[in-house]
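The values are calculated or read from the model by the stated rules, or taken from the named source; none is laboratory data. Keep in mind the model is a prediction, meaning the values are calculated, not measured. Counting neighbours? That spans all protein chains shown, and the Cβs are built from the backbone with ideal geometry, glycine included. Areas reflect the complete protein model, heavy atoms only, side chains present, ligands, DNA and RNA absent. Shrake-Rupley method; radii C 1.70, N 1.55, O 1.52, S 1.80 Å.
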Amino acid sequence: MKNIILSISSGLLLAVSWPTYGFPLFLFFGFIPLLLAEYNIRNNKYSKSQVFGLAYLTFFIWNIITTWWIYNSSAFGMWFAEIVNTLLMALVFLTYHSIAKRTSFTVGSIFLVSFWMSFEYFHLQWQFSWPWLNLGNGFASFTSWIQWYEFTGTFGGTLWVWIVNIGVFKSILLFKQHRDNTIIYRAAVRNGVIIIIPILISLILLKTYKETGKDIEVVLLQPNINPYTEKYNTTDSRIAVLLDSLATKAITPKTNFIIGPETVFADNNRLTNFPFSTAKKTAENILKDYPKLHFLSGISLVDVFNDPAKIRTQTNTYKKGVYYDDYNSAFFVRPNGSSELYHKSKLVVGIENFPYQSILKPILGDVMIDLGGTVAKKTTQEDREVFFTKDSIGVGTMICYESIYGEFSTGYIRNKADFLAIITNDAWWDNTQGHKQHLSYAKLRAIETRRSVARSANTGISAIINQTGNIVSSLGYEKQGALRGTLKTNDTITFYVKAGNYLARIAIFLSLFIFLFAVTKRRKKI
């Protein structure tokens, strides 16, 4: 019973630390009860099953409290996400348990930190990707603590959390062994310094950071169309009238960009017919009286063909001999009428991609895991497209889910993006922590890249975020309107943009080395 209480305590501590309702200080202590429970049963004959059960309980509590809102789009999708993500986390902890039994405390601890970071990196890469609860994301509501993410990315936050947890855990074990109060005093000072120093460095960076670059005025459109009852029952013509009305009221002669949300045009648009589409004509109509103005928004596109040579792994079959690629895209229109497209490339599991199709399709057929929205296999592109104005201002456009991937977003910066746009539709989860957390993660991208972010959401929250991750202005959830504001461009390259997730790559090497060392050495005597 004692270990179960410890396990529950860890789950609750991790949950109450999470954005946007929580306080991230609890992250520094969230794993300690679970670590104590594992240590209590480490030499037990049945320790593996007990540790797995306790870890599963901890991580299930954390997952269900922080991401239960998936239920609003799909009950099955929510349970699938909670159960599988919890399972992966528990397996990581169980692997640590096996290694810790074979190695010293220091080596086992290094393995735990490294292996957890490796797991987070893996969660950014594979086709069942769900990095929502990567530990570094936990500071998204307290950006004044993490300005140094421009050097480390979110993996710096993960490392920070684990260093403190391991440090406190070790001090508790030493105190239990020696019963010396000075151990507690020294541990409090040491771990307090480890927490405070990065925060002080961050505050200095925040205080001394000066936004540089050109001021540009943007207008963010928020049409507030209900995705369940309106979106796919509304014609592009009606959308055009609404967007034109919202934009016209907010545009000034100084406005450089109008930015609309993800898939706002969704009326069976053919890729080959885009130059003649309602979406492009709407943009051209809005731009015609404003020579400095550019239009950026989302659109659903379909490319239908019957040439088998064009079939890709993401291609859908309409009927025998007829195939189609389905795109979730951003389109960009300049004052002279020239246009470009970018196709979303980080896809939501189940809604937009069929993970490991070659393996699972023979077993499951065309079954998709519905996490909300329209179930379809989307087609992606390799490069991070940057749209350039006639004045060579580059905007990198992330579509919805793409904005939670730090290293992915650096591709836009390397392709000369001067600021970032996020176009999204956050209405699937209703007015819950889902859309609030999604907004808070956008602030991390601003810090990592030192790029301002213009975020247009169909159903809130649209926002302008500056280069330090501070929300300058926003338009609330379920409010229809247009948000006008000014942001600064930037062409400097941060260390994180250059190096990417280097901390995770080091962690992968360390965890693999320690794992091989542990399984090949003779088990230590107890």
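When Ala247 is tested against (1) aliphatic (A, V, I, L, M); (2) under 21 Å from Ser456 (Cβ atoms); (3) without any contact (Cβ under 8 Å) to a residue 12 or more places away in the chain, only condition (3) is not met. From the residues in segment 1-51 that are of a type in the set (Phe, Trp, Tyr) and open to solvent by less than 30 Å² (accessible area, probe 1.4 Å), which one is nearest to the chain's Cα centre (by Cα)? Filtering first and then ranking leaves Trp18. Looking across segment 295-315, the residues that are part of a strand (DSSP E or B) and either surrounded by fewer than 19 Cβ atoms within 10 Å (Cβ to Cβ) or out of contact with any Ser or Thr (no Cβ under 9 Å at 6 or more places or on another chain) (or both) come down to Val302, Asp303, Val304, Phe305. Look at (1) at pLDDT 95 or above; (2) open to solvent by 10 Å² or more (accessible area, probe 1.4 Å); (3) over 24 Å from Ile404 (Cβ atoms) and you find that Ala55 fails only one, number (2).
May I ask you to say which residue of Asn425, Asn490, Asn458 is polar (S, T, N, Q), within 23 Å of Phe332 (Cβ to Cβ) and in contact with a Cys (Cβ under 9 Å, 6 or more places away or on another chain)?
Asn425 is the lone residue from the list that is polar (S, T, N, Q), within 23 Å of Phe332 (Cβ to Cβ) and in contact with a Cys (Cβ under 9 Å, 6 or more places away or on another chain).
Among residues of segment 476-496 that are open to solvent by less than 80 Å² (accessible area, probe 1.4 Å) and at pLDDT 95 or above, those with a Cβ under 8 angstrom from a residue that is in a loop (DSSP other than H, G, I, E, B) and small (Gly, Ala, Ser), sequence gap 6+ or separate chain, pair up as Leu487/Ser452; Lys488/Gly213; Lys488/Ser452; Thr489/Gly213; Thr489/Ser452; Asn490/Gly213; Asn490/Ser452; Tyr496/Gly153.
For Ala247, the conditions (1) at negative phi; (2) surrounded by fewer than 19 Cβ atoms within 10 Å (Cβ to Cβ); (3) outside any strand (DSSP E or B) are fulfilled apart from (2). The lone criterion from (1) open to solvent by less than 10 Å² (accessible area, probe 1.4 Å); (2) on the phi > 0 side of the Ramachandran plot left unmet by Thr449 is number (2). For segment 167-175, does any single residue satisfy the condition of being over 27 Å from the mean Cα position of the chain (by Cα), of a type in the set (Val, Ile, Thr) and open to solvent by 20 Å² or more (accessible area, probe 1.4 Å)? Scanning segment 167-175 turns up at least one residue that is over 27 Å from the mean Cα position of the chain (by Cα), of a type in the set (Val, Ile, Thr) and open to solvent by 20 Å² or more (accessible area, probe 1.4 Å).
One residue alone among Gly30, Gly77, Gly11 is of a type in the set (Gly, Ala, Ser), in contact (Cβ under 8 Å) with a residue 24 or more places away in the chain and part of a loop (DSSP other than H, G, I, E, B), and that residue is Gly30. Scanning segment 120-147 for residues that are open to solvent by 30 Å² or more (accessible area, probe 1.4 Å) and either within 15 Å of Ile197 (Cα to Cα) or at pLDDT below 95 (or both) yields Gln125, Trp126, Gln127, Phe128, Trp130, Ser144, Trp145. Applying the set (1) free of Cβ contacts under 8 Å to residues at least 24 places away in the same chain; (2) open to solvent by less than 60 Å² (accessible area, probe 1.4 Å) to Glu150 leaves exactly one unmet item: (1).
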